[in-house]
Amino acid sequence: MILHVEQIRDKEFFQEFEEDPQAFSIIAEMIKNRECEFFGPLNIRLKAFRIRELYEVQGTFSTRVRLACSRCLKDFETMLTSTFELTYVKEVPGLLDVLDEREVELKVEEIGLMYFKGEEINLHQGIQEQVVMAFPLQPLCDKNCKGLCPQCGSDLNRGDCGCARGSGSNPFAALKNLKLDKQ
């Protein structure tokens, strides 16, 4: 996943390729920890172009993954897709040493730019970040998933378990019978 600067000096550059998810260290760790399972490679499409001294990479990726539902814990398959934009700038040695700290309001990292050296841009880290950020924070097998019974652990999607549940969960219910010593 190396992009040569000469490929995009004067014109846009398009590339489409597949990459094994195991090639990314963080994703390989997620697979090892059984947080997800990939059913194929990442299908990646990129468009790169130059704007003055900035190198813009726009892309999309898609793949099929298996995740565990955050409510009922059942495994389910879903598409993981995202569009992204990465902006690279050539690292100029000593530039930040010359600037006074008070003059620099935003650092390069704070505005989303990534450095590269030489004539090659390594897209590996940027694409890995985009794939990891595309994972849902609370994966759901269905948006109407009822989850598990908090008392017996039965899957409520298969039917009511018969446990008595209050009309709503009150996080302060445990304090109802708390007695404090008044001194």
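Loop only per DSSP, at most 13 neighbouring Cβ atoms within 10 Å: give me the GluC sites (Glu not before Pro) in segment 36-85, ordered by residue number.
E53
Quick one: putting +1 on the C-beta of Lys and Arg, -1 on the C-beta of Asp and Glu, what dipole do you get for segment 2-175 around its Cα centre, in Debye to the nearest 20?
In total the dipole reaches around 1060 debye.
Only loop residues by DSSP count here, and only those with at most 10 other Cβ atoms within 10 Å; note down the trypsin sites (Lys or Arg not before Pro) in segment 19-87 that meet that.
Sites meeting the loop and neighbour criteria: R34, R52.
Where in segment 140-155 is the amide nitrogen less than 18 Å from a point lying 7 Å along the Cα-to-Cβ axis of A173?
Correct set: 146-155.
For the chain, build the charge dipole from Cβ charges (+1 Lys, Arg; -1 Asp, Glu) around the Cα centre, then report which of C161, Q15, C145 sits farthest towards its positive end.
With unit charges placed on the Cβ atoms, the residue in question is C161.
Among rounded, prolate and oblate, which fits the chain when a ≥ b ≥ c are the square roots of the eigenvalues of its C-alpha gyration tensor, a/c under 1.5 means rounded, and a/b larger than b/c means prolate?
Note, shape of the chain comes out oblate.
With both partners inside the chain, how many of the DSSP beta bridges are antiparallel, as a percent to the nearest 5?
Just about 90 percent of them are antiparallel.
Only the coordinates and a few stated rules stand behind these numbers; no lab work does. Given the structure is predicted, the values throughout are model-derived calculations rather than measurements. Counting neighbours? That spans all protein chains shown, and the Cβs are built from the backbone with ideal geometry, glycine included.
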